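Right, one structure below, let's go through it.
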Amino acid sequence: IKFHHVLRELQRKGEPARIIVLKARQVHMSVGVSAALFHQVAFLPGQRAAVVADSHKSASQIWGYYDQFYESYQDESTAAARILPLQRRTTASTQSSGALYFEGGGFVQTFSADNTNIGRSFSLRFLHLSEYAFWRDPQGVMTGLLQTVPDDPGTVVVIESTANGVGNPFHQRW
């Protein structure tokens, strides 16, 4: 609840959202961040997001949240749903691709932080960095990754992780 409140307040002010969350286990922060970003990407054409998790298994699980949000969305034919309808998914969206692609050109792509070349070939509006304290080479990955999101109003970068000791890059950022 606190995360969603902070995110809404930054967006209301027209500021880029840069949020770091030190979390306990099993508080469903990755699901909460995924829900917030799904809401941003799936309803407006051309919105692009990436999720980078500490492992392929975690990235796949987070992809599953997005897939579930899409598959279980129910348009109640409200005025808001008519103004901002859910973008239709393209056929290229599969768990093996680690991505959801939408007709309006938007996407959510998931990656493992083991890939140190992430972020060198695209730009984003939304970035979710999960279990950052457990990345093998956080400095190497972050070099290109943070440059993918401009400091524009409405952009979102969320770094969330459980603790992993003192002095590591997550601890220093937090």
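Just so it is clear, none of the values below were taken in a lab; they were calculated from the coordinates. Keep in mind it's a predicted model, so treat the numbers as computed, not measured. A quick note on method: Cβ atoms are made from the backbone with ideal geometry, for glycine too, and the neighbour counts reach across all protein chains shown.
Here the Karplus curve 6.51 cos²θ - 1.76 cosθ + 1.60, taken at θ = phi - 60°, turns the phi angles of the range 138-149 into couplings of x, 5, x, 5, 5, 3, x, 5, 5, 6, 6, 10 Hz, with x standing for Gly and Pro.
Listed by chain and number, the lysines whose C-alpha is less than 26 Å from the C-alpha of Lys2, apart from same-chain residues fewer than 8 away, are Lys13, Lys23. In the range 118-174, the ratio of gyration radius to Kirkwood radius, Rg to Rh, stands at 0.98 when only Cα atoms are counted. Anyone know which of Phe122, Phe134, Phe43 comes out most mobile in the 10 Å Cα GNM of the chain? Sorting by GNM fluctuation, first place goes to Phe122.
Around the amide H of Val21, modelled in the peptide plane, lie the amide H atoms of Ile159, Glu160, Ser161, all under 5 Å away and 5 or more residues distant in sequence or on another chain. Working from label points 7 Å from Cα in the Cα-to-Cβ sense, the Ser123 to Glu71 distance is 3.5 nm. Of His128, Tyr101, Ile19, which is farthest towards the positive pole of the chain's charge dipole, taken about the Cα centre with +1 and -1 on the beta-carbons of Lys, Arg and Asp, Glu respectively? Of the candidates, Ile19 comes out farthest on the positive side.
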